[in-house]
Structures are given as structure tokens and as C-alpha cells.
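Student: Structure below; questions to follow.
The values are calculated or read from the model by the stated rules, or taken from the named source; none is laboratory data. Every value quoted in this text rests on a predicted model; they were computed, and no experiment measured them. In this analysis, Cβ positions are derived from the backbone assuming ideal geometry, glycine residues included, and neighbour counts consider all displayed protein chains. To get the accessible areas, we keep the full protein, side chains included, count just its heavy atoms, and leave off ligands, DNA and RNA. Shrake-Rupley method; radii C 1.70, N 1.55, O 1.52, S 1.80 Å.
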Amino acid sequence: MKKYLFFLTTLAIVFMVSSCKQNGKTNDADSTNDSTSVADSAAIEEEKPNLDYNTTDAKTFGLNGCVAKVVTTTFMATLEGDKLVKGMVSNRTDSLTTFDEKGRVTLDSYANPYVYDADGKFIKGRSKESKMTRDKEGRITNYSNRENANHWEGYDYSFEYDKQGRINSIEWAGWEEGESYALTYKDDQLYPSSMHIDGVACADIYKTDIRYKYTKFDEKGNWTAREMYYDIMQTTEAYEGNENPAKDYSKEYYIQERTITYY
């Protein structure tokens, strides 16, 4: 089965520990400016004076500020002329991402839970056999899940970062399926302008190119609405008697909206 991870705005920038004002504010959609930069993000962080919040995990998942919760809803859309028209809510599940008051991710947008001990050490994911590793900058580089020590089925996520600290490669591997994601950015923006997916599920093979258009931002510089343009190719593995399997090409369109709650 295809497993599109819509919620890959997992974009990290230079990481820092910042203090945030604890106000429980929710931002939906205020600005339409599409020019948030790494420098802009740093300026935003300096404005927060009171909460001991490490922004590393928020930045890993493409977020500015001291974020508590992000809810992402995906809508189907139709292309009418050169504009997307929002339709009904997609059957693709909403994404929920949460962070504790220290800034540690507790649920990521792929539904992976994170449990820490009193010292902030990762001790459990979906089970006690889950593992998570970080690089020397504190960024998540791998998350793996096994139900128990003797259960070999599971999945792994691996993340790589570009020179500006943004995620540019994601590998997801399951039991009989897997996907590779390559993200590209415009200039020094924090969110991807496009993404390419190579996927396999048993004998099915697919390639997907996604182009993003960001339409709304909140006062922290986080996007709250975007359009998604999909070009999809699906085929199957070649085998004797079917050396040149047919390729099916299609286009899909979606609109995503995010509600972001801050500490």
C-alpha cells in the first residue's frame, strides 16, 4: 500500500536553546508572506523570554517557536483553471504532532510516540523495543519500532540534513514496503518547495513528485495553509512474461491546513 507522508514539513535549521513566553496561544492563519528565512526564524526565537524550551525538535519537524501541538487536516481539491478549489476532507488521516514544555517531541507527524524519563532520556516509543538516535546537534536521525525483542516486523525512519540544517532526505522501511523522500528548498526558506518519493509495496512500484504552494502563515512564520500538486507514476516489478509492465500516470491535488498551539 502506498503510504504518503503528507506531513513532511520536517525541516530543521540551525538549532538553539531558547526561552519562550508561556501564553497557550493558537495561531491558525494570519499572513500570506512566503519569505520566512533562517535569519527571520532566529529573530522570532529571541523574542521569547520565560519558558525553558529547547527548539531542536520543533525545528526538526519544520516549526518556529515554542510549539505545543500541531493539527494538520488534508482536503481533496480540484484544479479549476489555474486555481485549486477545496473539497471534502480527504480520507487520509489528520496529522497530530505534540511537544512537551521542554520542547521534546512526544508524538511526531508519523504517529510515532516518544516517552522520556525524568532526565529527558528516550525510554519508549510504541514499545520498550523502540529506538531513537540523535546526532551531535541533538537532531533526530533515526526512529525504529519493534513490538518486542523477538518480533522482527517493524519499521524504521532515517533522516539526513542539508548544510542549513533542513531535512533533505528521509528513508522509511517497513516489512514489505519502503519509501525514499528527497526534499528541495527555495533559497533559505524553512519549508520544502517540492518533494520526490520513490516507493515500493510488495510488487508495486510508484514514483511521486509533489510541488507545494504556501498560501498562509502565522505570526511565527509557520505555514498554516498550503496547496499540493501531485504527479504520480505507478507500475509493477518486471518478471518473466511481463518484462515491460504498464505504467499508469495520474495527477492529484490537495489542500492542507494547520492549527498550531504554542506555549
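Student: Take the residues in segment 172-192 that are surrounded by fewer than 15 Cβ atoms within 10 Å (Cβ to Cβ) and among the acidic types (Asp, Glu), then tell me which one is nearest to Lys213 (Cα to Cα).
Tutor: Ranking the candidates gives Asp187 first.
Student: Can you give me the number of residues within segment 234-263 that are surrounded by 11 or more Cβ atoms within 10 Å (Cβ to Cβ), at pLDDT 95 or above and in a strand (DSSP E or B)?
Tutor: Counting residues in segment 234-263 that are surrounded by 11 or more Cβ atoms within 10 Å (Cβ to Cβ), at pLDDT 95 or above and in a strand (DSSP E or B) gives 11.
Student: Turning to a different aspect of this structure: Within the group Thr224, Thr215, Thr208, which residue is under 19 Å from the mean Cα position of the chain (by Cα), more than 30 Å from Asp100 (Cβ to Cβ), surrounded by 18 or more Cβ atoms within 10 Å (Cβ to Cβ) and not charged (D, E, K, R)? Talk me through it step by step, then tell me what you get.
Tutor: Working: Thr224 fails: more than 30 Å from Asp100 (Cβ to Cβ); Thr215 fails: surrounded by 18 or more Cβ atoms within 10 Å (Cβ to Cβ).
When all the criteria are applied, what remains is Thr208.
Here is a yes/no grid of residues against (1) open to solvent by 20 Å² or more (accessible area, probe 1.4 Å); (2) part of a strand (DSSP E or B); (3) out of contact with any His (no Cβ under 8 Å at 6 or more places or on another chain):
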residue: Ala77; (1), (2), (3): no, yes, yes
residue: Lys86; (1), (2), (3): yes, yes, yes
residue: Met132; (1), (2), (3): yes, yes, yes
residue: Glu137; (1), (2), (3): yes, no, yes
residue: Tyr143; (1), (2), (3): no, yes, yes
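One line per residue, one yes/no per condition, for (1) among the polar types (S, T, N, Q); (2) in a loop (DSSP other than H, G, I, E, B); (3) open to solvent by 80 Å² or more (accessible area, probe 1.4 Å):
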{"site": "Leu96", "(1), (2), (3)": "no, no, no"}
{"site": "Gly103", "(1), (2), (3)": "no, yes, no"}
{"site": "Thr106", "(1), (2), (3)": "yes, no, no"}
{"site": "Ala118", "(1), (2), (3)": "no, yes, yes"}
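Student: With the structure loaded, tell me whether Tyr206 is touching a residue at least 40 places away in the same chain (Cβ under 8 Å) and not in a loop (DSSP other than H, G, I, E, B) or whether it fails that test.
Tutor: yes
Student: Can you tell me which of (1) over 21 Å from Arg166 (Cβ atoms); (2) more than 16 Å from the chain's Cα centre (by Cα) is the one Glu257 doesn't meet?
Tutor: The one condition Glu257 does not meet is (2).
Student: Let me ask something else. Can you tell me which of Tyr230, Tyr155 is in contact with a Gly (Cβ under 7 Å, 6 or more places away or on another chain), open to solvent by less than 50 Å² (accessible area, probe 1.4 Å) and of a type outside the set (S, T, N, Q)?
Tutor: Of Tyr230, Tyr155, the one residue that is in contact with a Gly (Cβ under 7 Å, 6 or more places away or on another chain), open to solvent by less than 50 Å² (accessible area, probe 1.4 Å) and of a type outside the set (S, T, N, Q) is Tyr155.
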